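Just below is one structure, and these are the notes that go with it.
The values are calculated or read from the model by the stated rules, or taken from the named source; none is laboratory data. None of the values given here were measured: they were computed from a predicted structure. As a convention, Cβ positions derive from the backbone with ideal geometry for all residues, glycine included, and neighbour counts pool all protein chains shown. SASA here: full protein model, heavy atoms, side chains in, ligands and nucleic acids out. Shrake-Rupley method; radii C 1.70, N 1.55, O 1.52, S 1.80 Å.
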There are 2 protein chains.
Amino acid sequence: MTNKFALGVDYGTNSVRAVVVDLADGSEIVAAIDNYPSGDAGVLLDPKRPLLARQNPQDYVDGFYRAVSKAVKHSGIDPHCIVGIGVDTTGSTPIPVDKNGTPLGMLPEFKNELDAQAWLWKDHTGFAEAAEITEKAAKNRDRYLKKCGGTYSSEWFWSKILHCKRVNPHVFKAAYSWVEHADFMPAFLTGNTNPDTMPRGICAAGHKAMFNDQWGGLPSETFLHSLDPGLAAIRSRYNGVTQTADQKAGGLCPVVAAKVGLLAGTPVAVGAMDAHMGAVGAGIKPGTLVKIIGTSTCDMMVHPLDQPIPDIPGLCGIVPESVLPGMYGLEAGQSAVGDIFNWFANQMTPKGEGHDHLSREAAKLLPGESGLLCLDWNNGNRTVLVDQLLTGLTIGTTLHTTAAETYRALIEATAFGALTIINRLEEYGVAVKEVINCGGIAEKSPLVMQIYADVCNRPMKVSRSPQTCALGAAIFGAVAGGAFKTVKEAQKKMTGVKETVYKPNKSAAAVYGQLYKLYHDLHDTFGVKTSKGNLHHVMKQLIEIRDRVRKHK
Amino acid sequence: MTNKFALGVDYGTNSVRAVVVDLADGSEIVAAIDNYPSGDAGVLLDPKRPLLARQNPQDYVDGFYRAVSKAVKHSGIDPHCIVGIGVDTTGSTPIPVDKNGTPLGMLPEFKNELDAQAWLWKDHTGFAEAAEITEKAAKNRDRYLKKCGGTYSSEWFWSKILHCKRVNPHVFKAAYSWVEHADFMPAFLTGNTNPDTMPRGICAAGHKAMFNDQWGGLPSETFLHSLDPGLAAIRSRYNGVTQTADQKAGGLCPVVAAKVGLLAGTPVAVGAMDAHMGAVGAGIKPGTLVKIIGTSTCDMMVHPLDQPIPDIPGLCGIVPESVLPGMYGLEAGQSAVGDIFNWFANQMTPKGEGHDHLSREAAKLLPGESGLLCLDWNNGNRTVLVDQLLTGLTIGTTLHTTAAETYRALIEATAFGALTIINRLEEYGVAVKEVINCGGIAEKSPLVMQIYADVCNRPMKVSRSPQTCALGAAIFGAVAGGAFKTVKEAQKKMTGVKETVYKPNKSAAAVYGQLYKLYHDLHDTFGVKTSKGNLHHVMKQLIEIRDRVRKHK
């Protein structure tokens, strides 16, 4: 019997990764990475707009060609044995496109226009628009908000589009429609880029664009019109039927197939966001929390569609079938985790004291020993506060505080943030029976994993695959290609966890229990507007002052 | 006419400095520095007791010999022209002594006993005892507290002695008496070290040991007995008449004189603490705030004895004649300023980014531009909170926060702390008409001085002499030696300010006005127990947890 394989293509923040996966056991035969050549490690920045983060859509296309052709070539596998292709991307990363579905950023006249590029997930320029959407949605049709945690984020689809309209009407006008990166890729690969008819995945639509069959798809024309007439027009150029990622978007178009050495017509699955496919690659099922820990985290759960689930305040999204068919997909997350460690190691510590050195020193410390406590909000707080305009805090510094102590306190802070998410899920009846971690940090840092186990007072498992997003994409490619009847069946064959499980240490957990109470006090005092003893204004006003000063510099 | 000179000897935290000063204009003819050879830059530490800071009294004696003989020799001045010697030291730095007044630390059997050495000003091991003294004083005789800001500090005389009794009864028993470093030096130099009769200066006694003629000297025997019978015994071995530093303690004893090349019998002034003599060397007078900015700050004012002055909550001390005869001496201060900058530059920033680099980068930033705000409490808060168990805080960090931004925010925090002291003085009717800065940072950092001017929205003057403490000591030596009738007369000749005055920038002051409000919110929320929206417990509990964990490590 000849083995069969699927191709998973995973678009991250800085690079795209193509993997060829064996359907027999989910093992990765070969992987090829292509780093986006544009900007700062693939991210286009603007010193005058610190919240801006864009990407060059050309990098997505070229990256596919380079990474996939390399993977296919190196695998040495007969293209006939590749049953399907799955693609995952970051999100919400909407791209303004013309009537043909071509990203504006790929057109010569918009090449150097930042607002015409892909608006990367971590772009927060639309924070005022997010607030406006939240406010109007709360007044008009509160139900829109209930499924996205009560607050519409500046990271999401409509905030970004509305912000574009406000700051760059020229680009906005030139955009016939806006397409999520996760939808653009399958459309491009299958040659069906017509914005009106191209398949749109439920995943990005549901989690980021407030799409829900309950109210007939995207938010109503009236509602969007009330924000801006332009948004209502965008709504009308959006396929009103969304699809799950186990569905086939189409067959690989001949031009692309030829460029990468695959067969034309190879099935391409509907796209979805990285965390959602990653959760599948990590073996998500009811009761299992999958934490994908990288620069930020996504915390994913599923819940059977036939069992009631309440709206959960502060949860980014509860969307039917966004992760697995037949299940609600729940998405929570932390706006920065690895990004915080990287910031600290790169900007704030003696040169040469990289992660290895800091981790080694931090590992020698006991919980509580440093007297430090941090809030993990350097990039805002996604869950449960849904507020990008929060900032980091460190308390307890003395004249003896060391870099390693601070590094550890930052790790602990992200663990407290993780626990806050688990607690919120459980408070609303979604029991967390198991935690499977994946992503770079889960792979590489036993220190982080042990601290997470101790802080959360739960065992921390690690996914067998080091690349669950790419594996998840390959799983959907395999299912869309007909190799398995269901995703569940594919997961059973292709996913698993490592033998090493990080178990909580009792005395560490006890100290962290005390520290978490203090974290919680700070969390509510600085993060919740209505809390007693409110310091909610402090971070806000610091940002206001900062932005005013920078504007006039 | 032959010029006349005085010798000023200034004992700092890490070294002793001897200067020969020309009485005609206060100019420094020669200076010699001797770094204390013991411990970590002169400070004895104990990794197990992070609050401990001691000094080897032998360093004081040897340092005098080395520094003074070098200064005298290099000056080439005829010893007959040296009219007197003044000495200032850190404080409260009490030294346990035997019946002969010999520091226990200089005896072979106590040589390696940390508790038998000098208890340096910044030793905070007696924090629990300080709280106990404050509590008992509040119950029994509140008046003791009113003159020292409402709280007795862990840095002070009785806290340290009581702590010694509690943790090291053996040393406590061996100590016949305890002598402030400022009193020990003149006693040693004049050969009159009998603890019962040696001159005790009003300065250290009044500010640190609750000595006040209002209640007949030291706190009553009953009160001290209620704390510990041992303290009452110490009281009985203490000269009940204190003296001002313009008085002569005695003549230089022949043995010491011979060692350093001075004449036996050269008048030696009564000792006082560095900040108090430094204020005199900077030209203190009513309405003038002298800020001595070094590792910590002392903020000094005087107020005529014949004008009423209220008790000022949080002010370290209001003591008759502790600075100038005929005036109340007012002492406030910040527990760490330069120490915070040094900590950050040494521990927390890329190697090679020393103060120069950080200052250069920080100077490019506008007020408010970083979005950062810090509390300057890495070593506790001396004025107005009088609480050593507070810690530093940084708020507003993002993924882009740089070391230079943080460095600037720390400078700004110390400026906000400085403004808090000025405001407190003025709220209680002590008008601050002029600010004269001195000390290493005032000399070396235009950035710090400009930020202080902008934050306080007042001109910042800098003392003409870079060594006001040593100059002040020399002034007292000159007055004690009879070269001037009054200190005021000597100041007129020997002190002044530099031409460069740092003037506040209007727009910077406006931004800092806003930031100060936020600083104040944090200050009260974390620092004041009774404030609304209280987070006073957070720093406290972090320290409790830290100390418990370290104890069991």
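Reported count of residues in the stretch A:154-185, each being over 25 Å from A:Cys316 (Cα atoms) and open to solvent by less than 10 Å² (accessible area, probe 1.4 Å), is 2. So B:Asp25 passes all but one of these: (1) assigned to a helix (DSSP H, G or I); (2) open to solvent by 10 Å² or more (accessible area, probe 1.4 Å). Which condition number does it fail? In the conditions (1) assigned to a helix (DSSP H, G or I); (2) open to solvent by 10 Å² or more (accessible area, probe 1.4 Å), B:Asp25 misses (1) alone. A:Ile436 passes every criterion in (1) touching a Gly at 6+ places or on another chain (Cβ under 8 Å); (2) outside any strand (DSSP E or B); (3) more than 8 Å from chain B (Cβ to nearest Cβ); (4) open to solvent by less than 10 Å² (accessible area, probe 1.4 Å) apart from (2). Scanning the stretch A:365-396 for residues that are of a type in the set (A, V, I, L, M, F, W, C), open to solvent by 20 Å² or more (accessible area, probe 1.4 Å) and either in a strand (DSSP E or B) or within 11 Å of chain B (Cβ to nearest Cβ) (or both) yields A:Leu365, A:Leu366, A:Leu389. Scanning for something of a type in the set (A, V, I, L, M), touching a Gly at 6+ places or on another chain (Cβ under 8 Å) and assigned to a loop (DSSP other than H, G, I, E, B), does the stretch A:291-301 turn up at least one residue? Within the stretch A:291-301 (the criterion being of a type in the set (A, V, I, L, M), touching a Gly at 6+ places or on another chain (Cβ under 8 Å) and assigned to a loop (DSSP other than H, G, I, E, B)), the answer is no, since none of the residues qualifies. Within the stretch B:126-139, the set of residues being crowded, with 24+ Cβ neighbours inside 10 Å and either without any contact (Cβ under 8 Å) to a residue 24 or more places away in the chain or not in a helix (DSSP H, G or I) (or both) comprises B:Gly126 only.
The set of residues from the stretch B:85-114 being free of Cβ contacts under 8 Å to residues at least 60 places away in the same chain and either open to solvent by less than 10 Å² (accessible area, probe 1.4 Å) or not assigned by TED's automatic domain parsing to the domain that holds B:Gly39 (or both) comprises just one member, B:Gly105. Kindly indicate whether A:Leu399 is open to solvent by 10 Å² or more (accessible area, probe 1.4 Å), assigned to a loop (DSSP other than H, G, I, E, B) and either within 7 Å of another protein chain (Cβ to nearest Cβ) or at pLDDT below 95 (or both). Yes: the conditions hold for A:Leu399. Just to be sure, is A:Ala264 open to solvent by 40 Å² or more (accessible area, probe 1.4 Å), small (Gly, Ala, Ser) and in a loop (DSSP other than H, G, I, E, B)? So A:Ala264 passes the test. Of all residues in the stretch B:218-233, those being in a helix (DSSP H, G or I) and among the polar types (S, T, N, Q) number 2. If we keep just the residues of the stretch A:282-307 that are in contact with a strand residue (DSSP E or B) (Cβ under 7 Å, 6 or more places away or on another chain) and among the small types (Gly, Ala, Ser), which is nearest to A:Ala18 (Cα to Cα)? Once the filter is applied, the top-ranked residue is A:Ala282.
Whether any residue in the stretch A:297-310 is more than 14 Å from every other protein chain (Cβ to nearest Cβ), open to solvent by less than 20 Å² (accessible area, probe 1.4 Å) and farther than 30 Å from A:Asp25 by Cβ is what I want to check. The answer is no; no qualifying residue exists.
Looking at B:Lys147, B:Lys122, B:Lys173, B:Lys139, just one residue is modelled with pLDDT under 95, out of contact with any helix residue (DSSP H, G or I) (no Cβ under 6 Å at 6 or more places or on another chain) and farther than 30 Å from B:Val9 by Cβ, and that residue is B:Lys139. For the stretch A:70-80, the count of residues that are open to solvent by 10 Å² or more (accessible area, probe 1.4 Å), at negative phi and part of a loop (DSSP other than H, G, I, E, B) is nonzero. State yes or no: is A:Ala413 outside any loop (DSSP other than H, G, I, E, B), open to solvent by less than 10 Å² (accessible area, probe 1.4 Å) and either small (Gly, Ala, Ser) or within 9 Å of chain B (Cβ to nearest Cβ) (or both)? Here the answer is yes, as A:Ala413 does meet what is asked. Here A:Gly42 passes the criteria (1) surrounded by fewer than 17 Cβ atoms within 10 Å (Cβ to Cβ); (2) free of Cβ contacts under 8 Å to residues at least 40 places away in the same chain except the one numbered (1). Scanning the stretch A:485-501 for residues that are under 23 Å from A:Thr266 (Cα atoms) and free of Cβ contacts under 8 Å to residues at least 24 places away in the same chain yields a count of 2. Taking the stretch B:1-12 as the range and being open to solvent by 20 Å² or more (accessible area, probe 1.4 Å) and out of contact with any Asp or Glu (no Cβ under 9 Å at 6 or more places or on another chain) as the test, only B:Met1 passes.
Taking the condition touching a residue at least 40 places away in the same chain (Cβ under 8 Å) and among the acidic types (Asp, Glu), does B:Asp34 pass?
On the way: touching a residue at least 40 places away in the same chain (Cβ under 8 Å): no; among the acidic types (Asp, Glu): yes.
When the stated conditions are applied, B:Asp34 does not pass them.
Across the stretch B:45-69, the qualifying residues are those that are outside any strand (DSSP E or B) and of a type in the set (D, E, K, R), and the one among them that is surrounded by the fewest Cβ atoms within 10 Å (Cβ to Cβ) is B:Lys48. Note on the stretch B:364-385: residues that are touching a residue at least 60 places away in the same chain (Cβ under 8 Å) and over 21 Å from the mean Cα position of the chain (by Cα) amount to 4. Selection of the stretch B:140-165 for residues being within 20 Å of B:Thr222 (Cβ to Cβ) and either in contact with an Asp or Glu (Cβ under 6 Å, 6 or more places away or on another chain) or part of a helix (DSSP H, G or I) (or both) yields B:Asn140, B:Arg143, B:Tyr144, B:Leu145, B:Lys146, B:Phe157, B:Trp158, B:Ser159, B:Ile161, B:Leu162, B:Lys165. B:Ala453 falls short on exactly one of the conditions (1) in contact with a Pro (Cβ under 9 Å, 6 or more places away or on another chain); (2) open to solvent by 30 Å² or more (accessible area, probe 1.4 Å), and that condition is (2).
The set of residues from the stretch A:218-261 being open to solvent by 20 Å² or more (accessible area, probe 1.4 Å) and at positive phi comprises just one member, A:Gly261. It is to be established whether one or more residues within the stretch B:506-520 are in contact with a strand residue (DSSP E or B) (Cβ under 8 Å, 6 or more places away or on another chain), more than 12 Å from chain A (Cβ to nearest Cβ), farther than 24 Å from A:Tyr519 by Cα and open to solvent by 40 Å² or more (accessible area, probe 1.4 Å). No, the stretch B:506-520 contains no residue that is in contact with a strand residue (DSSP E or B) (Cβ under 8 Å, 6 or more places away or on another chain), more than 12 Å from chain A (Cβ to nearest Cβ), farther than 24 Å from A:Tyr519 by Cα and open to solvent by 40 Å² or more (accessible area, probe 1.4 Å).
Before we move on, is A:Val462 under 30 Å from A:Val30 (Cα atoms) and not small (Gly, Ala, Ser)? Reasoning before the result, please.
Working: under 30 Å from A:Val30 (Cα atoms): yes; not small (Gly, Ala, Ser): yes.
Answer is yes for this residue.
Restricted to the stretch A:323-340, and to residues there that are in a loop (DSSP other than H, G, I, E, B) and crowded, with 24+ Cβ neighbours inside 10 Å, the residue that is nearest to the other protein chains (Cβ to nearest Cβ) is A:Ala336.
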